[in-house]
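The values are calculated or read from the model by the stated rules, or taken from the named source; none is laboratory data. Being a predicted model, the structure only gives us computed values, none of them experimental. Cβ sites come from the backbone with ideal geometry, for glycine too, and all protein chains shown count toward neighbours. Quick note on the areas: whole protein, heavy atoms, side chains included, nothing else; ligands and nucleic acids left out. Shrake-Rupley method; radii C 1.70, N 1.55, O 1.52, S 1.80 Å.
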Amino acid sequence: MTHSTHTSLTRVGVIGCGDISAQYLETLSKYEAVSATTLSDLDESKARVVSERWSIDRVLSPDDLFADPDIDIVLNLTVPRAHYEVAMKAVEHGKHVYNEKPLAENHEQGQALLKAAKQAGGRMGCAQDTVMGQSWQFARRLLDAGEIGEIVGGVMNMQNAGMEMWHPNPRFFYSRGGGPVMDMGPYFIHAIVMMLGPVVSVTALSRKSFNERVVTSQPNSGMIIPVEVDTHCAAILELGTGAFITMMMSFDCQGTQMPDVEIYGTESSLGIHTPNNFVVRPDGSENIYTKGKADHDWVTREPKGGAIVNGRGMGLADMSQAIIENRPHRASGEMALHALEVMVSIERSSNERRTVEIESTVDRPDPLPDGWSF
Ligand SMILES: NC(=O)c1ccc[n+]([C@@H]2O[C@H](COP(=O)([O-])OP(=O)(O)OC[C@H]3O[C@@H](n4cnc5c(N)ncnc54)[C@H](O)[C@@H]3O)[C@@H](O)[C@H]2O)c1
């Protein structure tokens, strides 16, 4: 297993230079001890564009990147369908791996990845790391301080009209491994597990409202995409604590006024913006708010503390530091596998019209120290 020591840089090889790569490269550029040194994409021209933009000169084929002894961690930013194959190859070449979500297309693949990484002595990390951002860490602090009380339940909502109006290549959102639950569920499930602990059962219904989607974004405007997955879902997630969370995920909804996330406790209710974002927005369109027993109305809360850098890639930086410090990392493969089991169980629950028990469990990751960086 190749890895750096505290005296050297953790060297990251990025596979998949599409839409999300810019956010990772921006975040990584702000850390001192971890750096993206090499780029790769099935479509080399995409890697070349990113290479130019971020002044990262080394562009290799995926196979050459896997075999490169100068890479410590493979950052897998490919489409969901390729996550398993790319991650497994990286493990087989002795690399640590950090994946975009979902960890894999199905639970068996996810289990195989974790097992292989363990056998190889390497780390497996996976987004989501938005829960390491200032907003969610602040919300966790309110919970841990007992301000919300004993948790009764909550709601999580992510409903929109689809992705074909903004993403340049939206096919994967409607292919196996996509859909609103697999695409957006990881943010919400990681957030709720980070705050309240693991899920023990799932009861859900889901449906597909359109057999095809018409792309309106550029450069593929007019393209017809077949829909292979359910695109509207309601689920109840039972937590180990006995609280339960109602979750709505949809690409078939033309508008909603439901909150992103609310958690209801015996002392207060807590509202938080979508775990797709790391921080409260300066324009006030998204914030954190509470309403306690004595409050007549909701009180907007100013998040304090948190990490110095907030952005996609925090989980990768934490994993790099954790390798050096020989401690667990927060955006872990275990957390992602638990989320994956919850997500595939939502589909199973709907198909089989029954409650599905969740077999895996995971500990809440430690809160991030204030002022954290790497
Ligand atoms: N776009 C977003 O806003 C966003 C946000 C959060 C997470 N994500 C996640 O990030 C991942 C990538 O999304 P994206 O929007 O960047 O997709 P994208 O289609 O824009 O880019 C994916 C890239 O991966 C490359 N690729 C596919 N298979 C490959 C393989 N086997 N080997 C090497 N390269 C391969 C493609 O050529 C493409 O350039 C997905 O898992 C997605 O869920 C995306």
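Across segment 254-291, the number of residues qualifying as hydrophobic (A, V, I, L, M, F, W, C), modelled with pLDDT of 95 or more and open to solvent by 20 Å² or more (accessible area, probe 1.4 Å) comes to 1. Looking across segment 97-120, the residues that are open to solvent by less than 30 Å² (accessible area, probe 1.4 Å) and charged (D, E, K, R) come down to E100, K101.
Does I15 qualify as being within 13 Å of the ligand (Cβ to nearest atom), of a type in the set (A, V, I, L, M), within 24 Å of F172 (Cβ to Cβ) and open to solvent by 20 Å² or more (accessible area, probe 1.4 Å)? Show your work before the answer.
Values: within 13 Å of the ligand (Cβ to nearest atom): yes; of a type in the set (A, V, I, L, M): yes; within 24 Å of F172 (Cβ to Cβ): yes; open to solvent by 20 Å² or more (accessible area, probe 1.4 Å): no.
Considered against the rule, which asks whether it is within 13 Å of the ligand (Cβ to nearest atom), of a type in the set (A, V, I, L, M), within 24 Å of F172 (Cβ to Cβ) and open to solvent by 20 Å² or more (accessible area, probe 1.4 Å), I15 comes out as no.
The residues of segment 335-364 that are of a type in the set (S, T, N, Q) and outside any helix (DSSP H, G or I), listed by number, are T355, S360, T361.
A count restricted to segment 316-330 and to residues that are part of a helix (DSSP H, G or I) and touching a Pro at 6+ places or on another chain (Cβ under 7 Å) stands at 1.
Filter segment 162-179 for residues that are open to solvent by 30 Å² or more (accessible area, probe 1.4 Å) and of a type in the set (A, V, I, L, M, F, W, C); which is farthest from L77 (Cα to Cα)? Lay out the reasoning, then the answer.
Within segment 162-179, the subset open to solvent by 30 Å² or more (accessible area, probe 1.4 Å) is 165-166, 168-169, 171-172, 176.
From what is left, the residues that are of a type in the set (A, V, I, L, M, F, W, C) are 165-166, 172.
Numbers: M165: 21, W166: 19, F172: 13 Å.
Residue satisfying both the conditions and the ranking: M165.
Restricting attention to segment 292-315, the residues being open to solvent by less than 20 Å² (accessible area, probe 1.4 Å), more than 15 Å from S135 (Cα to Cα) and either free of Cβ contacts under 8 Å to residues at least 24 places away in the same chain or part of a loop (DSSP other than H, G, I, E, B) (or both) number 1.
The strands (runs of 3 or more DSSP E) found entirely in segment 174-262 that carry 1 or more residues being without any contact (Cβ under 8 Å) to a residue 24 or more places away in the chain and over 23 Å from I148 (Cβ atoms) are 212-214, 224-226. May I ask you to verify whether K30 is basic (K, R), touching a residue at least 12 places away in the same chain (Cβ under 8 Å) and surrounded by 18 or more Cβ atoms within 10 Å (Cβ to Cβ)? So K30 fails the test.
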